[in-house]
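Visitor: Got a structure for you, questions after.
What follows draws every value from the coordinates through simple rules; no lab data is involved. What you see is a predicted model, and the numbers here were worked out from it, not measured in a lab. Neighbour counts run over all protein chains shown; Cβ positions are idealised from the backbone, glycine included.
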Amino acid sequence: MSRLRVDLNADVGESFGIYKTGQDELLLRYITSASVACGFHAGDPSVMRATVQLASRAGVAIGAHPGFLDLAGFGRREIDAAPQEIADIVLYQIGALSAMAGAEGLKLQHVKPHGALYNMSVRRADVAEAIARAVASFDESLVLIGLPGSELLAAGSRLGLHVAGEAFADRSYETDGTLTSRRFADAVLSEPGQVTERAVRMVRDGRIIARDGSILSVRADTICLHGDTPGCTALAAAVRHGLERAGITVAPLKD
């Protein structure tokens, strides 16, 4: 019987100038892949390079986390952009982070859209195609991360990209498999025991309990914990240890 394994990722590098967000140095002790903000929804050149250096010292794989140019809304507001514009902003952000990684002797492992761009790529084929096309044009060996069953993973597969289904241990789900809107108070989960139990069930059983109590099937190649979730470091530690206690190997996607 093959041993279960999963990648544990988090969104990092989301500070900007004098504004500090998250506990990246501590968080990187527990995750295996880091999705680094590329300066549009959060981050800046100095934060990007510093985050790459932190991830390198921690032995954590890095990937680009491109979003809409929306610092005020943290990239969580939908923008009506043409597909070509979306492809261009995604390519631009991948290239920026790749330059920072290259300066440290590293290569990117993956690309994972952020916020509204991610959510739009779940349901809109044109947005998904634009993102996947940008990734493929930059480097076909990159892993494209998205929601299982999404238009994004379908587009990535059509273009011959490696795709990874992502599950969210610290977010609530709706019955259709999408994430609960952050407008609702129960959209984000922050109790370590609850989040850990959900993570183990995702990998071991391929199941998650939706907000209404229904049971959903989920493909968890990688599990996400958000760097801006309250108590994110304690959550990451609890989830990492919980997965390992359950006999699940925690390793990067391309390890």
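Visitor: Tell me whether region 169-255 comes out rounded, prolate or oblate; compute the Cα gyration tensor, take square roots of the eigenvalues as a ≥ b ≥ c, and use a/c under 1.5 as the rounded threshold. Write out the running numbers ahead of the final one.
Guide: Details: a/c = 1.76, a/b = 1.26, b/c = 1.40.
The shape class here is oblate.
Visitor: Tell me which label goes with the value of Rg and Dmax of the Cα atoms in Å computed from the coordinates here: (1) 18.7, 58; (2) 20.6, 66; (3) 16.6, 50.
Guide: It is the one labelled (3).
Visitor: Over the chain, what is the percentage of antiparallel beta bridges among all DSSP beta bridges, to the nearest 5? List each step's numbers first, then the result.
Guide: Values: 6 of 33 bridges.
Counting DSSP beta bridges with both partners in the chain, the antiparallel share is about 20 percent.
Visitor: Longest segment of the chain with no GluC sites (Glu not before Pro) in a DSSP loop having at most 16 other Cβ atoms within 10 Å?
Guide: On the way: sites that count: GLU78, GLU104, GLU140, GLU174.
Value returned for the longest uninterrupted segment is 175-255.
Visitor: Shifting gears a bit: To the nearest 20 debye, what charge dipole does region 5-250 have about its Cα centre, counting +1 at the Cβ of each Lys and Arg and -1 at the Cβ of each Asp and Glu?
Guide: The calculation lands at about 520 debye.
Visitor: Please figure out what share of the DSSP beta bridges in region 1-145 is antiparallel and state it in percent, rounded to the nearest 5.
Guide: Working: 1 of 14 bridges.
Just about 5 percent of them are antiparallel.
Visitor: Less than 13 Å Cβ to Cβ from LEU144, Lys/Arg counted +1 and Asp/Glu -1: what total charge do the surrounding residues give?
Guide: Numbers: positive: LYS112, ARG133, ARG158, LYS254; negative: GLU129, ASP139, GLU140, GLU151, GLU166, ASP221.
Computed value for this residue: -2.
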